[in-house]
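Okay, structure first, notes after.
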Amino acid sequence: MATELNTEVMLKTQPDAEILTTSGTEHTHFAFGTQDKWSVYARVTGIRPHSNQVEITAVIEDDRVHQN
């Protein structure tokens with residue numbers, strides 16, 4: 001669900017699993033995308049720390065751009 005911030009996502013329903021955010025535990029990981037496409041190769045183009053968070057920028061890697 002969209003919010004006022006383009007870097008923020010709001011869930012429509014409460015997830016079945018507990019979302020871990022406390023110190024001393026590994027935080028919950030999230031993946032976004034369509035249901036039938038859960039992974040894609042990507043090239044990381046930037047990593048920027050922001051206080052206690054990290055912003056990662058990436059582009060989808062496609063072998064077709066490297067073919068003659």
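The values are calculated or read from the model by the stated rules, or taken from the named source; none is laboratory data. Being a predicted model, the structure only gives us computed values, none of them experimental. Counting neighbours? That spans all protein chains shown, and the Cβs are built from the backbone with ideal geometry, glycine included.
Residue check, Val9 against (1) surrounded by 10 or more Cβ atoms within 10 Å (Cβ to Cβ); (2) touching a residue at least 12 places away in the same chain (Cβ under 8 Å); (3) touching a strand residue (DSSP E or B) at 6+ places or on another chain (Cβ under 8 Å), all met but one. Which one?
Among (1) surrounded by 10 or more Cβ atoms within 10 Å (Cβ to Cβ); (2) touching a residue at least 12 places away in the same chain (Cβ under 8 Å); (3) touching a strand residue (DSSP E or B) at 6+ places or on another chain (Cβ under 8 Å), Val9 violates only (3).
Check whether at least one residue in segment 32-52 is of a type in the set (D, E, K, R) and assigned to a loop (DSSP other than H, G, I, E, B), and report yes or no. Spell out the reasoning first.
Filtering segment 32-52 for residues of a type in the set (D, E, K, R) gives 36-37, 43, 48.
Remaining after also requiring assigned to a loop (DSSP other than H, G, I, E, B): 36-37.
Scanning segment 32-52 turns up at least one residue that is of a type in the set (D, E, K, R) and assigned to a loop (DSSP other than H, G, I, E, B).
For segment 10-29, does any single residue satisfy the condition of being modelled with pLDDT under 75 and not charged (D, E, K, R)? I'd like the intermediate steps shown before the answer.
Step one: filter segment 10-29 for residues modelled with pLDDT under 75, giving none.
No: zero hits.
How about segment 18-68: which of its residues are aromatic (Phe, Trp, Tyr) and either more than 13 Å from the chain's Cα centre (by Cα) or farther than 17 Å from Thr7 by Cβ (or both)? Walk me through it before giving the result.
Narrowing segment 18-68 to residues aromatic (Phe, Trp, Tyr): 30, 32, 38, 41.
Trp38, Tyr41, listed by residue number.
Filter segment 20-68 for residues that are surrounded by 10 or more Cβ atoms within 10 Å (Cβ to Cβ) and in contact with a His (Cβ under 8 Å, 6 or more places away or on another chain) and give the result.
Correct list: Leu20 only.
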